Amino acid sequence: MADQLLGRDHDLTELRSARATGRPGMVLAAPPGMGRTSVLAAILDEWRDRRADVVVIRATASSRRLRFAALSPLLDRDDLDAASPARPLTFDVVQGALERRARRGGFVLAVDDAHLLDEASLRAISDLVGTHDSFVVATVDETFLGLDPLTESRQLPVHVLRPLTLRDVAALVAPRTGVETDGGTWRTRSQGSPTARLHL
């Protein structure tokens, strides 16, 4: 069971507002472990519930070495059949696939861990920003901001996630531990002994 998303109302509101007002997208930036992917998943679930056309690209450590591999969900059968060891996918083919998808109607392209994508994929996605009512939302390790064509795009505002408050952290941890609250004190227990205390 996924953790309840706490303390992120402001971040979700920013994303809702960006899409509702016709902006081309947004970059969610934060250090590792801050909850970028959780915020992205929550807003995508919300948009899917409202029948949005959502495509998710999840970059991995190997994505940077495999040109266009992470963008394969956006390629149609003709694109994939045309590619071979003798005729690899080209930038024009991938860019054309993105354009065709966008022309079919506005869609949301979500890129998780965009900083792990290869340069060519980042360029293709960057070229999509602001075209055909597409909405691009990407998560990125804030260390890499401005070092690639996507996160240096002036069309994509950067929204930096802030750490959760102690109260939010306490609410997240509570279901997994014995929790006692005493006014402003939150205390976890392990086998009956206090193990941590946060003053809220």
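The values are calculated or read from the model by the stated rules, or taken from the named source; none is laboratory data. Values in this document were obtained by computation on a predicted structure and should not be read as measured data. Note that each Cβ is placed from the backbone with ideal geometry, even for glycine, and that neighbours are counted across all protein chains shown. Quick note on the areas: whole protein, heavy atoms, side chains included, nothing else; ligands and nucleic acids left out. Shrake-Rupley method; radii C 1.70, N 1.55, O 1.52, S 1.80 Å.
A few comments on the model shown:
- Residue-span extension gain [Arg123 to Arg65] - 0.36 nm each, minus C-alpha spacing: 19.4 nm
- Across the protein chains, with a 1.4 Å probe defining accessible surface, the residues Asp112, Asp76 rank Asp76, Asp112 from largest area downward.
- Computed from the Cβ-Cβ distance with R0 of 30 Å, the FRET efficiency linking Val160 to Asp76 stands at 0.25.
- Look at the Cα gyration tensor of region 1-50: its axes a ≥ b ≥ c give a/c of at least 1.5 with a/b at or below b/c, and that counts as oblate.
- The gain in end-to-end length when the Asp9 to Thr143 segment is fully stretched comes to 45.8 nm, 0.36 nm per residue minus the alpha carbon separation.
- Counting protein heavy atoms only, region 11-130 has 48 percent of its accessible area on carbon and sulfur, 1.4 angstrom probe.
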